[in-house]
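What follows is a single structure, written as structure tokens, with notes after it.
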Amino acid sequence: MLSASELTSGLKSLGLTDQYAIAHASLKAFGPIEGGADALLDALLESTRGFIMPAFTYKTMLNPETGPPNNGITYGAQTDLNKMAEPFHPDMPVDPMMGTLPEVLRKRSGAKRSSHPIQSFTGIGLDAILNTQTLYNPLGLIGNLAEEDGWILLLGVDHAVNTSIHYAERLAGRMQFVRWALLPDRVVECPGFPGDSEGFNAITPDIQNITRRFELGGALVQAIQLKGLIEAVVRKIREKPFALLCERPDCERCNAVRWS
Ligand SMILES: [Zn+2]
């Protein structure tokens with residue numbers, strides 16, 4: 001059992017108490033934690049200047065009958081899911097696929113959530129950054145976080161959930177997708193939807209010198225300097241346009257990038 005103080009002293013050893021961060025976490029990876037999700041959030045708040053997490057809501061998404069070509073989607077294929085789609089509202093729970101931590105963070109006093117109907121973020125101490133998110137550039141706030149010398153925290157998870165790589169892909173000129181989300185009064189087009197992230201661990205050797213890593217409980221904890229990661233991803237994709245794509249033959253979004 002990991003105690004709350006072991007968690008805090010462990011995360012503080014990253015040396016990021018004066019830095020902002022974007023965090024991705026698997027609570028389970030740590031094994032039993034005294035105080036659970038709240039203890040991990042407290043430890044994160046004590047060991048950073050403030051942090052955000054993705055608070056995505058995929059159940060707002062609709063799949064139309066038709067749309068733009070080569071969009072990494074089979075149109076009209078999910079009519080049952082369309083029937084279950086729910087309109088976005090600010091208190092909509094974070095998709096369980098994002099893990100339990102962002103939902104606990106979202107409900108914390110002092111937490112703010114941005115208002116993108118699919119790709120909202122939630123956090124404490126970073127309201128100004130969260131306010132810069134737009135419908136047209138959902139991940140632009142990650143660029144603003146990089147300008148503030150922000151860091152990425154991967155807590156018991158790997159680069160396959162590292163949203164910042166998506167921001168860098170777009171900077172490198174990689175194609176983006178269009179998706180659609182339900183609002184209470186209409187359907188809204190959401191451009192700038194990113195590709196598939198399954199192949200993202202291929203960035204690991206390129207960022208060794210800007211990654212701090214150690215084990216805490218059962219979890220591998222990694223902190224990566226955001227600006228350096230963005231530069232490494234842009235460099236890699238400009239050298240090899242198909243870098244960081246996955247190998248799944250039926251992956252619609254990776255294949256769309258190859259065909260673009
Ligand atoms: Zn893929």
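The values are calculated or read from the model by the stated rules, or taken from the named source; none is laboratory data. Values in this document were obtained by computation on a predicted structure and should not be read as measured data. Positions of Cβ are backbone-derived with ideal geometry, glycine not excepted, and every protein chain shown enters the neighbour counts. These area figures cover heavy atoms from the full protein model, side chains too; ligands, DNA and RNA do not enter into them. Shrake-Rupley method; radii C 1.70, N 1.55, O 1.52, S 1.80 Å.
Taking the condition under 17 Å from HIS166 (Cα atoms) and loosely packed, with under 14 Cβ neighbours inside 10 Å, does PRO191 pass? The answer is yes for PRO191.
Taking region 117-135 as the range and being assigned to a loop (DSSP other than H, G, I, E, B) and open to solvent by less than 10 Å² (accessible area, probe 1.4 Å) as the test, the residues that pass are PRO117, ILE118, GLN119, SER120, LEU126. Checking each residue of region 240-253 against the condition of being out of contact with any Gly (no Cβ under 8 Å at 6 or more places or on another chain), at pLDDT 95 or above and closer than 30 Å to PRO90 by Cα gives no match. Taking region 98-116 as the range and being surrounded by fewer than 19 Cβ atoms within 10 Å (Cβ to Cβ), of a type in the set (Lys, Arg) and either within 21 Å of ALA160 (Cβ to Cβ) or in contact (Cβ under 8 Å) with a residue 24 or more places away in the chain (or both) as the test, only ARG108 passes.
Taking residues in region 65-94 that are closer than 30 Å to TRP259 by Cα and in contact (Cβ under 8 Å) with a residue 40 or more places away in the chain, and partners anywhere that are open to solvent by 80 Å² or more (accessible area, probe 1.4 Å) and of a type in the set (A, V, I, L, M, F, W, C), the pairs with Cβ atoms closer than 8 Å and at least 6 places apart or on different chains are ASN70/TRP259.
When we screen VAL104, VAL94 for residues that are at pLDDT 95 or above and under 15 Å from the mean Cα position of the chain (by Cα), the only hit is VAL94.
Which condition number in (1) buried (at least 16 other Cβ atoms within 10 Å of the Cβ); (2) outside any helix (DSSP H, G or I); (3) of a type outside the set (Asp, Glu) is the one that ALA43 fails? If we test ALA43 against (1) buried (at least 16 other Cβ atoms within 10 Å of the Cβ); (2) outside any helix (DSSP H, G or I); (3) of a type outside the set (Asp, Glu), just (2) comes out false. Would you confirm whether any residue within region 200-221 is polar (S, T, N, Q), open to solvent by 40 Å² or more (accessible area, probe 1.4 Å) and in contact with a Phe, Trp or Tyr (Cβ under 7 Å, 6 or more places away or on another chain)? Taking every residue of region 200-221 in turn, none turns out to be polar (S, T, N, Q), open to solvent by 40 Å² or more (accessible area, probe 1.4 Å) and in contact with a Phe, Trp or Tyr (Cβ under 7 Å, 6 or more places away or on another chain).
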